[in-house]
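Colleague: Here it is, the structure in full.
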Amino acid sequence: MEYLSVSNAQKCILEAVNISEVETVRLEQSLGRVLAEDVRANRDLPPYDVSAMDGYAVRSADLAKVPAILAVIEDIKAGDMPTKIVQAGQCARIMTGAPVPQGTDAVIRVEDTQTSSGNNVQINVAVKPGNDIRMQGEGMRNGDVVLTAGTEITPGVTGILATVKCAQVQVYRRPRVAILSTGNELEDMDDPVDPNKIPNSNSYALMAQVQALGMEPALLGIARDDPAELTEYLQRGLKFDVLLVSGGTSVGVHDYVRPAIEALGVQMKFWRVAMKPGHPVAFGASAGTFVFGLPGNPVSSMVCFEQFVAPALRRMMGHARLYRRTIAARLTHNLKHQPGRTEFVRVTLAKEESGYAATSTGAQGSGMLLSMARADGLMVVPAESTGLVAGAQVVVQLLDGTAFQDGADFKE
Ligand code: AMP
Ligand code: MG
């Protein structure tokens, strides 16, 4: 079988996976989920014209000449309703969010006034009608669609859902994900340390990648390289929506994963992708489960998850944005590349005057997990590249944590 390109493999996966069904969750539990319904405003906000400032509600025509002295006829706090109509020469003291009284058409902030004798106030500035008034419905209008299906629930969206009193939210169900590692050489977390064994890091790194996307995966443990044992574990995994199998997908004589999966009725769509690290990556589907065969090498496993599993899981959760955000960066060093496979180089990013500088995290072997642990992003080297020189413009996929930086970056 031919090696698929990364983008063709992604296409193949996304053609196969569907958005999950809809479920109802409490607003408190909905962060990171995707709305499965349009949401409408259930009232005008603000419900009437209100003050945007603490100050005085005035008739702007009274302030043709300033300073002007006005009689304060009422004190209106947020939550109060005005009881009087403001006539020429009068005003009302008003707090932010309180309804502006009839007769007035502007608000003067308290900083532009001075207390005067008796119940009077001196207004020092003239205003245009509408000044510092929030108009009825300017935030949202009763009946308008304020959020559309497909919107990711971010904290701002949560605020809107609370505003329209959406205590129960319709969202797409999260896929149930299982993770299985394979290999006789593996030692699991609770096993005693054996210097001849390899610690099972993939189950946990994959777990964290799934968790970072907002799902809680099931860890099925380690299956030995034995067809019968593998089959037993795979059967367990095929009860989930998505099964991630680590290791055993290449062409070694003890790589039983592919035949064992196929024997269980999983139809393999591909098992080789022209990428580095990670070419023995497989994808297949059975009646109810999508199966990803990920390479055992720890970096390959994580990079393949990023390119193939993450977009699939996000599609199933209802997201429209499936891929990691990319940025342009300046490569700080030369980089060798043999044409043929798309390469994902682990890089750190440093902010500089005109953008970002990208630097390799060091030794890039597919077993060098520290190269991934230290990375801010994955730099994409196109398959046909014959190498890059220092200063080249490159594309970097941002990894978790890169939405944050050391210092706030603005002048004031
Ligand atoms: P495989 O894909 O099974 O041929 O494994 C390739 C390499 O990845 C071998 O060196 C394995 O020891 C290593 N490996 C496989 N599975 C894991 C795992 N769960 N955790 C860490 N390393 C692994
Ligand atoms: Mg193996």
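Colleague: Is it the case, given these coordinates, that Val394 is surrounded by 19 or more Cβ atoms within 10 Å (Cβ to Cβ) and within 25 Å of Glu2 (Cβ to Cβ)?
Modeller: So Val394 does not fit the description; no.
Colleague: Further question: Here is a list: Phe292, Phe283. Which entry is within 16 Å of Phe305 (Cβ to Cβ) and within 16 Å of ligand 2 (Cβ to nearest atom)?
Modeller: From the options Phe292, Phe283, the qualifying one is Phe292.
Colleague: Can you go through Val177, Val253 and tell me which one is more than 10 Å from ligand 1 (Cβ to nearest atom), among the β-branched types (Val, Ile, Thr) and modelled with pLDDT of 95 or more?
Modeller: On the way: Val253 fails: modelled with pLDDT of 95 or more.
The match here is Val177.
Colleague: Restricting to segment 249-266, count the residues that are open to solvent by 70 Å² or more (accessible area, probe 1.4 Å) and either away from ligand 2 (no atom under 16 Å from the Cβ) or over 21 Å from Met302 (Cα atoms) (or both). Talk me through it step by step, then tell me what you get.
Modeller: To start, the set of residues in segment 249-266 that are open to solvent by 70 Å² or more (accessible area, probe 1.4 Å) comprises 251, 253-254, 258-259, 262-263.
Subset that is either away from ligand 2 (no atom under 16 Å from the Cβ) or over 21 Å from Met302 (Cα atoms) (or both): 253-254, 259, 262-263.
Result for segment 249-266: 5.
Colleague: What pairs come up if the first residue lies in segment 225-252 and is free of Cβ contacts under 8 Å to residues at least 12 places away in the same chain, the second is within 15 Å of ligand 1 (Cβ to nearest atom) and open to solvent by less than 20 Å² (accessible area, probe 1.4 Å), and their beta carbons are under 6 Å apart, counting only those six or more places apart or on different chains?
Modeller: Every condition considered, the pairs that remain are Glu229/Ala223.
Colleague: Could you list, in sequence order, all residues of segment 106-131 that are under 43 Å from the mean Cα position of the chain (by Cα) and surrounded by 20 or more Cβ atoms within 10 Å (Cβ to Cβ)?
Modeller: Selection gives Ala106, Val107, Ile108.
Colleague: Then there is this: Regarding Arg321, is this residue open to solvent by 50 Å² or more (accessible area, probe 1.4 Å), in contact with a helix residue (DSSP H, G or I) (Cβ under 8 Å, 6 or more places away or on another chain) and in contact (Cβ under 8 Å) with a residue 40 or more places away in the chain?
Modeller: Numbers: open to solvent by 50 Å² or more (accessible area, probe 1.4 Å): yes; in contact with a helix residue (DSSP H, G or I) (Cβ under 8 Å, 6 or more places away or on another chain): yes; in contact (Cβ under 8 Å) with a residue 40 or more places away in the chain: yes.
Yes, satisfied.
Colleague: Keeping to segment 224-248, report how many residues are open to solvent by 20 Å² or more (accessible area, probe 1.4 Å), touching a helix residue (DSSP H, G or I) at 6+ places or on another chain (Cβ under 6 Å) and within 10 Å of ligand 1 (Cβ to nearest atom). First the steps, then the outcome.
Modeller: Step one: list which residues in segment 224-248 are open to solvent by 20 Å² or more (accessible area, probe 1.4 Å), which gives 224-229, 231-233, 235-236, 238-241.
Retained after the next criterion (residues that are touching a helix residue (DSSP H, G or I) at 6+ places or on another chain (Cβ under 6 Å)): 227, 231.
Cutting the leftovers down to within 10 Å of ligand 1 (Cβ to nearest atom) gives us none.
So the answer is 0.
Colleague: Sticking with this one: With a cut-off of at least 1 residues that are in contact (Cβ under 8 Å) with a residue 24 or more places away in the chain, within 16 Å of ligand 2 (Cβ to nearest atom) and open to solvent by 20 Å² or more (accessible area, probe 1.4 Å), name the strands (runs of 3 or more DSSP E) lying wholly within segment 136-223. Spell out the reasoning first.
Modeller: Details: elements: 145-147, 168-172, 177-182, 218-223.
Because the criterion is at least 1 residues that are in contact (Cβ under 8 Å) with a residue 24 or more places away in the chain, within 16 Å of ligand 2 (Cβ to nearest atom) and open to solvent by 20 Å² or more (accessible area, probe 1.4 Å), the strands (runs of 3 or more DSSP E) in segment 136-223 that meet it are 218-223.
Colleague: Another question, then. Evaluate segment 69-83: report whether one residue or more is within 19 Å of Ser116 (Cβ to Cβ) and part of a loop (DSSP other than H, G, I, E, B).
Modeller: Within segment 69-83, none of the residues are within 19 Å of Ser116 (Cβ to Cβ) and part of a loop (DSSP other than H, G, I, E, B).
Colleague: Only one residue in Thr348, Thr359 is farther than 18 Å from Ala16 by Cα, in contact with a His (Cβ under 9 Å, 6 or more places away or on another chain) and part of a strand (DSSP E or B). Which one?
Modeller: Values: Thr348 fails: in contact with a His (Cβ under 9 Å, 6 or more places away or on another chain).
That would be Thr359, the only listed residue that is farther than 18 Å from Ala16 by Cα, in contact with a His (Cβ under 9 Å, 6 or more places away or on another chain) and part of a strand (DSSP E or B).
Colleague: Now, a different point. Could we say that Gly79 is on the phi > 0 side of the Ramachandran plot and either of a type in the set (S, T, N, Q) or open to solvent by 50 Å² or more (accessible area, probe 1.4 Å) (or both) here?
Modeller: On the way: on the phi > 0 side of the Ramachandran plot: yes; either of a type in the set (S, T, N, Q) or open to solvent by 50 Å² or more (accessible area, probe 1.4 Å) (or both): yes.
Yes, satisfied.
Colleague: While we're here: Could you tell me whether any residue of segment 377-386 is open to solvent by less than 50 Å² (accessible area, probe 1.4 Å), of a type in the set (Asp, Glu) and modelled with pLDDT of 95 or more?
Modeller: So in segment 377-386, the residues open to solvent by less than 50 Å² (accessible area, probe 1.4 Å) come out as 377-381, 383, 385.
This time we only want the ones that are of a type in the set (Asp, Glu), so: none.
The answer is no, given that none of the residues of segment 377-386 is open to solvent by less than 50 Å² (accessible area, probe 1.4 Å), of a type in the set (Asp, Glu) and modelled with pLDDT of 95 or more.
Colleague: Shifting gears a bit: With the structure loaded, tell me whether Lys269 is buried (at least 17 other Cβ atoms within 10 Å of the Cβ), away from ligand 2 (no atom under 16 Å from the Cβ), over 20 Å from Leu206 (Cα atoms) and of a type outside the set (A, V, I, L, M) or whether it fails that test.
Modeller: On the way: buried (at least 17 other Cβ atoms within 10 Å of the Cβ): yes; away from ligand 2 (no atom under 16 Å from the Cβ): yes; over 20 Å from Leu206 (Cα atoms): yes; of a type outside the set (A, V, I, L, M): yes.
In short, yes.
Colleague: Something else about it: Looking at Thr386 and the list (1) under 21 Å from the mean Cα position of the chain (by Cα); (2) farther than 22 Å from Asn297 by Cα, which single condition is not satisfied?
Modeller: Here Thr386 meets the rest and fails (1).
Colleague: Checking the structure you have, find out if any residue of segment 301-309 is touching a helix residue (DSSP H, G or I) at 6+ places or on another chain (Cβ under 9 Å), within 12 Å of ligand 1 (Cβ to nearest atom) and open to solvent by 10 Å² or more (accessible area, probe 1.4 Å).
Modeller: Keep residues of segment 301-309 that are touching a helix residue (DSSP H, G or I) at 6+ places or on another chain (Cβ under 9 Å), which gives 301-303, 305-309.
With within 12 Å of ligand 1 (Cβ to nearest atom) added as a condition, the list becomes 301-302.
Checking which are open to solvent by 10 Å² or more (accessible area, probe 1.4 Å) leaves us with 302.
Yes: one or more hits.
Colleague: Quick one: Thr289 ticks every box in (1) open to solvent by less than 50 Å² (accessible area, probe 1.4 Å); (2) in contact with a Phe, Trp or Tyr (Cβ under 8 Å, 6 or more places away or on another chain); (3) within 16 Å of ligand 1 (Cβ to nearest atom); (4) not aliphatic (A, V, I, L, M) except a single one, so which number is it?
Modeller: Exception for Thr289: condition (3).
The values are calculated or read from the model by the stated rules, or taken from the named source; none is laboratory data. As the structure is a computational prediction, the values presented were derived from the model and not from experiment. Cβ atoms come from the backbone with ideal geometry, glycine included; neighbour counts cover every protein chain shown. Keep in mind that these areas ignore ligands, DNA and RNA; they rest on the heavy atoms of the full protein, side chains included. Shrake-Rupley method; radii C 1.70, N 1.55, O 1.52, S 1.80 Å.
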